[in-house]
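The values are calculated or read from the model by the stated rules, or taken from the named source; none is laboratory data. Keep in mind the model is a prediction, meaning the values are calculated, not measured. Ideal geometry is used to build each Cβ from the backbone, glycine not excepted, and the neighbour counts take in all protein chains shown. The area values use the complete protein model at the heavy-atom level, side chains included, leaving out ligands, DNA and RNA. Shrake-Rupley method; radii C 1.70, N 1.55, O 1.52, S 1.80 Å.
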Amino acid sequence: MKSITMVRRAAHLMAHIEDLKGLGKLNAQDVHVLQDALLLLIGQIQQDCAKDQTDLLVSLPLPFPTKTYEFQQRNSAPNSIIVYEAGFSERRLKHVPIFSYGFGLTDLPAFDAALAILADFFGEDLSMRAFARGQGHACSYYRAFAKEILPHGHVETKHIIAFLQRGDFCFEK
């Protein structure tokens, strides 16, 4: 089975697990155990497929453009991320539905938000195919970023740089 198919199925299983939790069929602890196992599987698939991943410090352009990522909410739910960058018009980040059908600050939507923000920061293209192959730095850091940075709801370039420089988080590969 192709890596993209395996990753897509694992991501869809995560969404179904959330649905079962909502129906009262699974408790929160069971959900976390199952999702962690699926994320480990996704990471392993990505690692098996990753080719020529270069060192992060060598590949990042300096200086970093200053960007601000703001969650735009309608009906109390973040469903888009607006990027503000000096000298450019504001723009909406592209959503690639890997884990969810929208952006969010927690749970599965946070993984999609983290992937989109990090891919934009690193100047990487984000697609299901690239994600399944583990291509790009966004695939390495999205889980820790979603847990540590996104809950604050306001992300700036300086927050991303501090997160990466700290380096005491768990690498996903």
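What are the residues in region 77-114 that are aromatic (F, W, Y), over 14 Å from A11 (Cβ atoms) and touching a residue at least 12 places away in the same chain (Cβ under 8 Å), if any?
Listed by number, the residues that qualify are Y84, F103.
Here is a list: F111, F121. Which entry is farther than 16 Å from A162 by Cβ, part of a helix (DSSP H, G or I) and either open to solvent by 40 Å² or more (accessible area, probe 1.4 Å) or among the hydrophobic types (A, V, I, L, M, F, W, C) (or both)?
Going through F111, F121 in turn, the sole match is F111.
Just to be sure I understand the filter: pairs with C-beta atoms under 6 Å, separated by 6 or more residues or on different chains, first member in region 1-18 and in contact (Cβ under 8 Å) with a residue 24 or more places away in the chain, second member of a type in the set (K, R) and surrounded by fewer than 18 Cβ atoms within 10 Å (Cβ to Cβ). Which pairs pass?
Filtered contacts from region 1-18: I4/R129.
Only one of these conditions is not met by Q135: (1) assigned to a helix (DSSP H, G or I); (2) open to solvent by 20 Å² or more (accessible area, probe 1.4 Å); (3) of a type outside the set (V, I, T). Which number is it?
Every condition holds for Q135 apart from (1).
Pick from region 21-45 the residues that are open to solvent by less than 70 Å² (accessible area, probe 1.4 Å) and not small (G, A, S): which of them is farthest from A132 (Cα to Cα)?
Restricting to residues being open to solvent by less than 70 Å² (accessible area, probe 1.4 Å) and not small (G, A, S), the top hit is L26.
Give F131, F122 a once-over and let me know the one that is of a type in the set (F, W, Y), closer than 17 Å to V7 by Cα and touching a residue at least 40 places away in the same chain (Cβ under 8 Å).
Only one candidate passes the filter, namely F131.
Whether any residue in region 144-151 is open to solvent by 10 Å² or more (accessible area, probe 1.4 Å) and touching a residue at least 60 places away in the same chain (Cβ under 8 Å) is what I want to check.
no
Identify, by number, the condition in (1) at pLDDT 90 or above; (2) part of a loop (DSSP other than H, G, I, E, B); (3) open to solvent by 30 Å² or more (accessible area, probe 1.4 Å) that F99 doesn't meet.
The number of the failed condition is (3).
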